[in-house]
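The block underneath contains the structure these notes are about, expressed in structure tokens.
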Amino acid sequence: ETMAEPPVIIWRQEVESVLRYRDLVPRLEDALGKFSRRDSAEVVQPVRTAVPLQKHRGFMGLMPTYMENDGVLSTKFVCFYKREKGSTLPAVQATVVLLDPERGNIKAVMDGEVITAMRTAAVSAISAKLLMASGAEVLAILGTGTQALSHYTVFTEMFSFKEVRVWSRTKENVERFVRSVGGGVKGCGSAEEAVRGADVIVTVTGSTEPVLHGQWVKAGAHVAAVGACRPDWRELDDVLMKSAVVYTDSREGALSESGDVILSGAQVFAELGDVINGTKPAEREKTTVFKSLGMGVEDAVSAQLVFDQWTAKETKP
Ligand SMILES: NC(=O)c1ccc[n+]([C@@H]2O[C@H](COP(=O)([O-])OP(=O)(O)OC[C@H]3O[C@@H](n4cnc5c(N)ncnc54)[C@H](O)[C@@H]3O)[C@@H](O)[C@H]2O)c1
Ligand SMILES: O=C(O)[C@@H]1CCCCN1
């Protein structure tokens, strides 16, 4: 029996150079649909294990996934932290490991930060594609970090909003963000100013208390809520959670990890995959919240895509 090849290492710049939203989006739609069918030959994905790193006010999330029919076995390791204002340490660090399901050896170790930034934003964009009202014109982004940038990139690539607004806790962060995307974004002095009248609202903050209040939100708006991924963390208030039709990536994930779902007592109406599969309706004309927690299957298909494209590039003469 021959030994397995040693794993390849695919680091940040290489991931960035091969991963494109136009390739990622259809694979993620397919993965969300497969996940929601709960067929173990398609996806086995337990709710993530989160090991508390109490001393550092963080968690190590472990996100194993097996896609039998597709022959994909992976796990992401993601450490995420509650950072003090002004901290220069990253809030999220991730690595994705791809394994051979038959032998069990590791095929690739890859940077998970670009994957996390891009697949999360792409899934939010899928939620908007499915759930925003027709003729949506104004996009508001709360937060100006890594996810704010990836969300800005894919939302402006996939849709044509007439106006994009951004808000963050400090004026400096807002200005830096506006500069980094080369203008074309309106910096706002308050969250309320950013979201009043907006058709689509993305929340991508590290907050553990509500930053988005239902009384500011226009009826029929779509909210993609990406932060607050612990059962006692919030980004949205009860007014919004109770007045909106709530969608999630994973029901089990939301009921064990989302403070916005658990503490508001709001009912989860459907998973995005249910809408993709046609088993639950897209309530486009109502106020909708997509509560994103992030799923291993999203990382699995992203990592496989990176691996395939990287391999094709390496073997080219
Ligand atoms: N759903 C998912 O799949 C998923 C994936 C990755 C990250 N996340 C979460 O998304 C959030 C953003 O991640 P990121 O990588 O962009 O982090 P980041 O640190 O790069 O950016 C966080 C942003 O939130 C702002 N912020 C922090 N605390 C705040 C507060 N109390 N009130 C208002 N604004 C505040 C910061 O100023 C910054 O603009 C985090 O909560 C992270 O855990 C979710
Ligand atoms: O699914 C993820 O990748 C993220 C990482 C940060 C915390 C929430 N979940």
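What follows draws every value from the coordinates through simple rules; no lab data is involved. In this text, all values refer to a predicted model and were calculated from it rather than measured experimentally. Neighbour counts are summed over all protein chains in view; Cβ atoms, including those assigned to glycine, are modelled from backbone coordinates with ideal geometry.
The figures follow:
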| quantity | calculated |
| --- | --- |
| Reference-scaled alpha-carbon Rg (2.2 N^0.38 Å with N residues) for the stretch 109-243 | 0.98 |
| Cα-derived Rg over Rh, computed across the chain with Rh taken as Kirkwood radius | 0.96 |
| Under 29 Å from residue 280, Cα to Cα: lysines that are on another chain or at least 8 residues apart | 34, 129, 218, 242, 291 |
| For 2, 156, order by how many other beta-carbon atoms lie within 10 Å, fewest first | 2, 156 |
| Residue order, fewest to most beta carbons within 10 Å, for 263, 139, 130, 73 | 263, 130, 73, 139 |
| DSSP-loop trypsin sites (Lys or Arg not before Pro) across the stretch 128-205, with at most 12 other Cβ within 10 angstrom | 162 |
| Dipole in debye (nearest 20) - the chain, about Cα centre, beta carbon charges: Lys, Arg +1; Asp, Glu -1 | 840 |
| Cross-link reach list, aspartates and glutamates versus residue 286, counting only Cα pairs under 15 Å and skipping chain neighbours closer than eight places | 199 |
| Residue exposure sequence - 141, 106 - by fewest surrounding Cβ within 10 Å | 106, 141 |
| Partners for residue 85 among aspartates and glutamates (Cα-Cα distance below 19 Å; same-chain residues under 8 apart left out) | 172, 175, 209, 235 |
| In degrees, nearest ten, helix 296-315 long axis to first principal axis of the chain (Cα) | 50 |
